[in-house]
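Below is one structure; the comments refer to it alone.
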Amino acid sequence: MNGFWTILMLIFSNVFMTFAWYGHLKLQEMKISTGWPLILIILFSWGIAFFEYCLTVPANRLGFQGNGGPFNLMQLKVIQEVISLTIFTVIVTFLFKGQPVQWNHIAAFFCMIMAVFFVFLK
């Protein structure tokens with residue numbers, strides 16, 4: 001179950017991360033934050049990123065083999081990156097309509113899937 005909870009927390013943490021890193025761009029596009037000073041944008045993003053860290057840190061502790069979890073550090077990192085790119089693509093596709101998924105993006109995802117395969121290969 002540790003692996004399941006690790007992956008679930010990493011999924012939710014990456015939703016927060018994507019909004020922390022790129023959500024302010026959508027707010028700017030919607031003319032909500034166009035007059036905000038950069039420091040306010042940074043504080044806004046940090047506020048969202050706080051919740052990302054509240055999920056990422058426990059997910060990594062729970063999933064790490066040294067703490068009784070099923071994953072080594074390399075596996076945890078590769079899982080996190082694949083989740084991050086997947087969540088990013090889904091959010092950008094639905095939130096930023098002008099960013100189409102192209103063939104090279106699909107090829108990159110295939111490479112990431114292969115990275116997961118190789119990192120778990122014994």
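The values are calculated or read from the model by the stated rules, or taken from the named source; none is laboratory data. Because the structure is a prediction, the values reported are computed rather than measured. Note that each Cβ is placed from the backbone with ideal geometry, even for glycine, and that neighbours are counted across all protein chains shown.
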Where a residue in region 93-122 is closer than 19 Å to Val82 by Cβ and its partner, wherever it lies, is of a type in the set (Val, Ile, Thr) and in a helix (DSSP H, G or I), with Cβ under 6 Å and at least six apart: Met112/Val82; Ala115/Val78; Val116/Val78; Val116/Val82; Val119/Val78
Test for Phe88: is it modelled with pLDDT under 90 and either within 19 Å of Leu8 (Cβ to Cβ) or in contact with a Lys or Arg (Cβ under 7 Å, 6 or more places away or on another chain) (or both): yes
Options Phe16, Phe4, Phe50, Phe71: the member that is at pLDDT 95 or above and in contact with a strand residue (DSSP E or B) (Cβ under 8 Å, 6 or more places away or on another chain): Phe71
Pair list, Cβ < 6 Å and 6+ apart or interchain, from region 49-60 residues that are closer than 14 Å to Ile11 by Cβ and without any contact (Cβ under 8 Å) to a residue 60 or more places away in the chain to residues that are among the aromatic types (Phe, Trp, Tyr) and in a helix (DSSP H, G or I): Phe51/Phe16; Glu52/Phe16; Leu55/Phe12
Filtered residue count, region 12-40, keeping only those that are among the aliphatic types (A, V, I, L, M), surrounded by fewer than 16 Cβ atoms within 10 Å (Cβ to Cβ) and touching a helix residue (DSSP H, G or I) at 6+ places or on another chain (Cβ under 7 Å): 0
Residues being without any contact (Cβ under 8 Å) to a residue 12 or more places away in the chain and not in a helix (DSSP H, G or I) - total across region 64-92: 1
Some residue of region 53-73 being more than 27 Å from Phe4 (Cα to Cα), of a type in the set (S, T, N, Q) and more than 14 Å from the chain's Cα centre (by Cα): no
Which listed residue is assigned to a helix (DSSP H, G or I), of a type in the set (Val, Ile, Thr) and in contact with a Leu (Cβ under 9 Å, 6 or more places away or on another chain), from Ile41, Ile113, Ile48: Ile41
